[in-house]
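What follows is a single structure, written as structure tokens, with notes after it.
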Amino acid sequence: MMKVITDLHTHILPGIDDGAKDPEESWLLLNAQAKQGVSRIVFTPHFNITRNSVESFIVDRENSLKRMLNNCNFGSLELDYHLGAEVFFSIDLVKADLQSLCINDTRYILVELPMEKKPEGLTYILLNIINSGYIPIIAHVERYSYITGNPLILYNLIYNGCLAQINCKTIIQDNNRSKMAIKFIKWGLVQFICSDCHSIIHRPPNMEEGLKALKKTIGNEKVLRLIDNSNRVFENKDIEIEELIKPTNFLGIWL
């Protein structure tokens, strides 16, 4: 396993969304990450443009970061971090200052989709974001029922320039959702695995466990590739996409 492990999707900043409630819980999450070998973290609090302005969100995020750093012995953990956001999909994103929502000063932007129903204009909006010079990373892509039900949606998005991320929890659970997530990886449709941690009890950091489970399923080489992809995003480097395999449906089973 590579020495440097980056978690691109976390909810560790205190009091800003449904993640850590206070700096004390932030500290527990950070400490757990460090013990699992994570050395670089991106803080990605939820952002919904229909509920908040980008400008207000940036202020809230900075205040939350300061509150955490002032109340946690962050320096003792030897963790590096960047700021980002988990941006909820909206047609209004075409008018937003997306650079402020990207991971640090990169072109990568984490985008969350609605869970159950494919949103109107999905391809149009994401292509618009791409044509504006940004690279959408679709968050926990295995959680969207319309994508697991029709992986061709994901195939077309990746083919046109999006990237995709899965959660460690999915792989650890070993169920139908995890089996589909593994297929996504084997088809070249997923480039990252992250913790999406929210709480030390209910949704804890689990990168170590997730990577070990994934290694048993797809092998060390592919796992190292996923780890390297996250490191490359953190370092603002390009991702080399694997050759895509177009999913086919045979008697109701996606192959």
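Some points to look at:
- Counted residue by residue at 0.36 nm each, then reduced by the alpha carbon distance between them, the extension gain from residue 176 to residue 34 reaches 48.1 nm.
- Shape call, the range 116-255: gyration tensor on alpha carbons, a/c limit 1.5: rounded
- A helix-only calculation puts the chain at -11500 deg cm²/dmol for mean residue ellipticity at 222 nm, using -39500 (n - 2.57) for each DSSP H run of at least four residues, averaged over all residues.
- The share of accessible area on the range 205-255 that comes from carbon and sulfur is 49 percent, using a 1.4 angstrom probe.
- Extension gain, residue 4 back to residue 74 (0.36 nm per residue minus Cα-Cα distance, nm): 23.4 nm
- Spin-label proximity, residue 245 to the range 117-148 - amide N less than 14 Å from point 7 Å beyond Cα toward beta carbon: none
- Three principal axis lengths of the chain [C-alpha, angstrom, descending]: 56, 43, 31
- Options 44, 12, 31, ranked by Cα towards positive dipole end of the range 1-80, top entry (Cβ charges): 31
- Probing with 1.4 Å while keeping every protein chain in the model, the per residue accessible area of the range 120-255 equals 46 Å².
- Screening the chain for whole DSSP H helices of 24 Å or more along their axis (Cα) with average Kyte-Doolittle hydropathy at least -1.0 returns 54-71.
- About the centre of its Cα atoms, the range 32-93 shows a dipole size close to 200 debye [charges on the beta carbon of Lys, Arg (+1) and Asp, Glu (-1) only; nearest 20 debye].
- 18 Å cut-off, amide nitrogen to a point 7 angstrom out along residue 118 Cα→Cβ, residues in the range 218-249: 246-249
- Relative contact order of the range 1-144, defined on C-alpha pairs under 8 angstrom at six or more residues apart (%): 21 percent
- Among the listed pairs 186/237; 117/215; 3/212; 66/169, those beyond 21 Å (Cα-Cα): 186/237; 117/215; 66/169
- Take the chain and mark each of the trypsin sites (Lys or Arg not before Pro) that is in a DSSP loop with at most 16 other Cβ atoms within 10 Å; the longest unmarked stretch, sites excluded, is 118-236.
- For the range 23-40 versus the range 63-101, the inter-centroid distance based on Cα atoms is 16 Å.
- Fully extending the segment from residue 92 to residue 63 would add 7.9 nm, taking 0.36 nm per residue of separation and subtracting the current Cα-Cα distance.
- Taking GluC sites (Glu not before Pro) in DSSP loop states with no more than 10 other Cβ atoms inside 10 Å as exposed sites, the chain has its longest site-free stretch at 121-239.
- Listed residues 99, 230, 197: farthest to the positive end of the dipole of the range 99-255 (Cβ charges): 197
- Rounded to the nearest 10 Å², the accessible area of residue 248 at probe 1.4 Å: 80 Å²
- Cα gyration tensor category, rounded, prolate or oblate, for the range 160-206 with a/c compared to 1.5: oblate
The values are calculated or read from the model by the stated rules, or taken from the named source; none is laboratory data. Being a predicted model, the structure only gives us computed values, none of them experimental. No Cβ is skipped: glycine too gets one built from the backbone with ideal geometry, and neighbour counts run over all protein chains shown. Each accessible area value is taken on the protein alone, full model and side chains, heavy atoms only, with ligands, DNA and RNA left out. Shrake-Rupley method; radii C 1.70, N 1.55, O 1.52, S 1.80 Å.
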